1. Report Rg(Cα)/(2.2 N^0.38 Å) for the range 21-129, keeping two decimals.
2. Evaluate the relative contact order of the range 21-129 (contact order divided by residue number), counting alpha-carbon pairs under 8 angstrom at least 6 apart; express in whole percent.
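Values quoted throughout were computed directly from the atomic coordinates according to the rules given, and no laboratory measurement underlies them. The structure presented is a predicted model; accordingly, all values stated were derived computationally and were not measured.
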Amino acid sequence: MIKRVLIICVGLVCGAGASQAPEFTQQYLQRLGGWVDAHQDKVTRLDARAAQFDMTREQYIAALQASTDPKVRKEAANIASWPVYLKQYTEMQRMLQSGPSWMQPYRLLQNYNDPAFAPIVQATLADYKPGTPITAEGAAFGGAGFVGGWLLTVIGAALLGAPINMIRRRREKPKNLPNLVMHRIDEPTLTEKAQETEKPEET
């Protein structure tokens, strides 16, 4: 009984956790969209600034990097990262939003440890608010999480219980041996009893 309750509880916990995957992905996409808009604004201002000097974006950044002032070179390195991040964030956004929505959590999991997206993941986790899995994706992930947790618990219990059951069977084995018929020393055997019956009666 306790084992069955434990398996169900683990399955429910895993199901509840897995059902939050689509909600977390949506909140991540919202934050990612904000970062895309912010870097798009930075790049637009960068292009406008370069145009004031009749330069392209690359020429303007190269001119800043050639400065003898360390502060200007440091600022140039920061500015040069804006187009790079904008491209990465835009590609990530396009990749997550393309295809079926139930694949979005899986795609996010594939790229969550990318250094470019780690800050967004951390920021999303810091402000994450669990949501009720009322969507089909949330229900599907919740059901899959329940089944996965249930199976893992059953398999784990079987693997852990096998050595214990083996030891228990070894300890109980002598008790299950058939009782041996032990004859008393002074008790005649079956052969002796047969010989006694065959002896002629004394007259």
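1. 1.29
2. Here the relative contact order equals 38 percent.
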